[in-house]
Amino acid sequence: DTGVSQDPRHKITKRGQNVTFRCDPISEHNRLYWYRQTLGQGPEFLTYFQNEAQLEKSRLLSDRFSAERPKGSFSTLEIQRTEQGDSAMYLCASSLVGDRARNEQFFGPGTRLTVL
Amino acid sequence: QKEVEQNSGPLSVPEGAIASLNCTYSDRGSQSFFWYRQYSGKSPELIMSIYSNGDKEDGRFTAQLNKASQYVSLLIRDSQPSDSATYLCAVKSNFGNEKLTFGTGTRLTIIP
């Protein structure tokens, strides 16, 4: 399977705990994005990387959230001191920079986080 | 005003008919437009992209873009029960901003 992969697919945690999610993009893609989706809403942008550089962060990304993409390959999203409001589907997407690619973003299966 | 607006539905269409999904956007600088299909409990799947005014056809799907009216639509011909899903409209600004802004989606149900 050469699509975007995410791990874990489901995570249940207690309020106050830290969680970390991983995303592996499509192998030749150099851009990687994180979005969050809650029930009945469209995905909301959190942050994106081009290679290893984090180029944009949404104001939704509070100081409890941190994302990394070491060596421009996989990425991790960590949430510290989780709150019940963090419960959502966390989606990773990747794309290939270039005119012909036109920023088509392909999503992984997502990680569903439940904070009790 | 929301940046990307869609009718949330549900939209019910008989099997074999044409389903028409609409989306309006507020940022006149937007240049790239996408339709994603999302089945319940699954992640969004890209089905169409469109960048120029007019129509773009791919199989049973046709995307239509009118930048002057800030309007983009998706037509699904010969609707099948497997088309029942939520359809998300996404827009990308061209001003160095790489994020996609999504609407809330339209839930489509195809009635056999």
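General remarks:
- Its Cα gyration tensor gives the protein assembly as shown an equivalent ellipsoid; the semi-axes, largest first and in whole Å, are 30, 21, 16.
- Take each residue of peptide A:40-53, count the partner chain Cβ atoms within 10 Å of its Cβ, and average: the result is 4.
- Neighbour counts of other Cβ atoms within 10 Å put A:GLU104, A:GLU83 in the fewest-to-most order A:GLU83, A:GLU104.
- Förster-model FRET efficiency, 30 Å R0, B:ASN22 and A:LEU60, C-beta, rounded to 0.05: 0.65
- Gain in span if fully extended, B:ASP78 to B:ASN53, counting 0.36 nm per residue against the direct Cα distance: 6.6 nm
- Summarising the label geometry, the points placed 7 Å from Cα in the beta-carbon direction at A:GLN84 and B:THR109 lie 3.0 nm from one another.
- Set of lysines near B:LYS56 by C-alpha distance (under 20 Å), chain-local residues within fewer than 8 positions excluded: B:LYS67, B:LYS92
- For the pair A:GLU52 and A:LEU116 in one chain, pulling the backbone fully straight at 0.36 nm per residue adds 19.7 nm over the alpha carbon distance.
- More than 24 Å apart - percent of Cα-Cα pairs taken over the stretch B:3-112: 19
- At most 11 other Cβ within 10 Å, DSSP loop - chymotrypsin sites (Phe, Trp or Tyr not before Pro), the stretch B:16-97: B:PHE95
- Vicinal HN-Hα couplings computed from phi for the stretch B:9-18 (Karplus, 6.51 cos²θ - 1.76 cosθ + 1.60; Hz; Gly/Pro x): x, x, 9, 10, 9, x, 4, x, 8, 9
- Distance from the C-alpha centroid of the stretch A:1-36 to that of the stretch A:59-101: 7 Å, rounded to the whole angstrom.
- Both radii were evaluated on the Cα set of the stretch A:32-102; the Rg over Rh quotient, with Rh as the Kirkwood radius, amounts to 0.99.
- The convex hull defined by the C-alpha atoms of the stretch A:1-57 has an orientation-averaged projected area of 5.3 nm².
- Just checking the listed ones, B:SER12, B:SER73, B:SER49: in the Gaussian network model of chain B with Cα springs under 10 Å, the one fluctuating most is B:SER12.
Every number here is computed from the coordinates shown, using simple stated rules; none is lab data. On a predicted model such as this, the values are computed, not experimentally measured, just so you know. All Cβ positions, glycine included, derive from the backbone under ideal geometry; neighbour counts span all protein chains shown.
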